1. Test Glu49 against the criterion of being at pLDDT 95 or above, assigned to a loop (DSSP other than H, G, I, E, B), more than 12 Å from the ligand (Cβ to nearest atom) and over 19 Å from Pro117 (Cβ atoms), and give yes or no.
2. Write out, first by first residue and then by second, each pair whose Cβ atoms fall under 6 Å of each other, whose residues are 6+ apart or on separate chains, and whose first residue, in region 107-121, is among the polar types (S, T, N, Q) while the second is more than 7 Å from the ligand (Cβ to nearest atom).
3. Which one of these does Phe28 not meet: (1) buried (at least 21 other Cβ atoms within 10 Å of the Cβ); (2) touching a helix residue (DSSP H, G or I) at 6+ places or on another chain (Cβ under 6 Å)?
4. Suppose we filter Thr50, Thr43 for residues that are farther than 22 Å from Gln120 by Cβ, surrounded by fewer than 21 Cβ atoms within 10 Å (Cβ to Cβ), among the β-branched types (Val, Ile, Thr) and within 13 Å of the chain's Cα centre (by Cα); which single one remains?
5. Quickly run through region 16-44 and pick out the residues that are under 19 Å from Leu64 (Cα atoms) and either part of a loop (DSSP other than H, G, I, E, B) or acidic (Asp, Glu) (or both).
6. Filter region 101-117 for residues that are β-branched (Val, Ile, Thr) and surrounded by fewer than 17 Cβ atoms within 10 Å (Cβ to Cβ) and give the result.
7. Could you identify the single residue in Ala10, Ala27, Ala21 that is under 15 Å from Gly92 (Cα atoms), of a type outside the set (D, E, K, R), within 13 Å of the ligand (Cβ to nearest atom) and more than 13 Å from the chain's Cα centre (by Cα)?
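The values are calculated or read from the model by the stated rules, or taken from the named source; none is laboratory data. Predicted model only: the values in this text are computed from it and were never measured. Note: ideal-geometry Cβ built from the backbone for every residue, glycine included; neighbour counts use all protein chains shown.
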Amino acid sequence: MDKPIRVLVAKPGLDGHDRGAKVIARAFRDAGMEVIYTGLRQTPEQIVETAIQEDVEVVAMSILSGAHNHLFPIVVNMLKEREADDILVVGGGVIPDDDIPGLKEAGVAEIFTPGTPTSQAIEFIKQNIKR
Ligand code: B12
């Protein structure tokens, strides 16, 4: 049997919007993934360090604060610097459609906005992790 997919659900930024992160963490767990949730108010440095220490295959970031154009590229670039860019980075939260192409260009594999069924994110991860 395939080993379970290890995912870090991460909540960067100073805001307290953690419902989406918790919903997504539960959905990933129910789908058989091993999920580590960082908790609120993590810096990009903390997220990257945890991702490497925990040997995850996916970093799944939830951002509702409006700081997505700032935070996603920092995490993607730090993973590159640490030679951990085999980790798939996906994201979700309140992110305007117009910002999504730029985030993908910056290295975020996919963005899941409010109303998207969690099954879509699960399927995307299964299809796109690098094994
Ligand atoms: C509930 C809520 C709050 C609650 C948060 C409670 C909590 N513990 O989470 C409270 C009342 C605390 C709050 C406060 C504030 N909020 Co508020 N809040 C909301 C609201 C109404 C709903 C968010 C929510 O919980 N949705 C339910 C969850 C389940 O959905 P979700 O997070 O979107 O997640 C889904 C998807 O997006 C996706 N997803 C999310 N993350 C991820 C990650 C991955 C990897 C994947 C795959 C998918 C995924 O999957 C989830 C399930 O479908 C939104 C507006 C909105 N309609 O979204 C505003 C909103 C996010 N808040 C906003 C603001 C401005 C604030 C305040 C700054 C207001 C103020 N002036 O005080 C404060 C900040 C306080 C603080 N210190 O954080 C703004 C943000 C603006 C922006 N982004 O530009 C919003 C968008 C409202 C608005 N339209 O202006 N808020």
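1. No: the conditions fail for Glu49.
2. Taking only residues 6 or more apart or on different chains, the pairs are Thr113/Ile95; Thr118/Ala27.
3. Status for Phe28: all satisfied but (2).
4. Going through Thr50, Thr43 in turn, just one is farther than 22 Å from Gln120 by Cβ, surrounded by fewer than 21 Cβ atoms within 10 Å (Cβ to Cβ), among the β-branched types (Val, Ile, Thr) and within 13 Å of the chain's Cα centre (by Cα): Thr50.
5. First, the residues of region 16-44 that are under 19 Å from Leu64 (Cα atoms): 16-27, 37-44.
Hits for region 16-44 are Gly16, His17, Asp18, Thr38, Gly39, Leu40, Arg41, Thr43.
6. Matches in region 101-117: Thr113, Thr116.
7. Values: Ala10 fails: more than 13 Å from the chain's Cα centre (by Cα); Ala21 fails: more than 13 Å from the chain's Cα centre (by Cα).
Among Ala10, Ala27, Ala21, only Ala27 is under 15 Å from Gly92 (Cα atoms), of a type outside the set (D, E, K, R), within 13 Å of the ligand (Cβ to nearest atom) and more than 13 Å from the chain's Cα centre (by Cα).
Conditions tested, residue by residue: (1) assigned to a loop (DSSP other than H, G, I, E, B); (2) over 20 Å from Val75 (Cα atoms); (3) in contact with a Phe, Trp or Tyr (Cβ under 7 Å, 6 or more places away or on another chain).
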site	(1), (2), (3)
Pro101	no, no, no
Lys104	no, no, no
Ile111	no, no, no
Thr116	yes, yes, no
Ser119	no, yes, no
Ile122	no, yes, yes
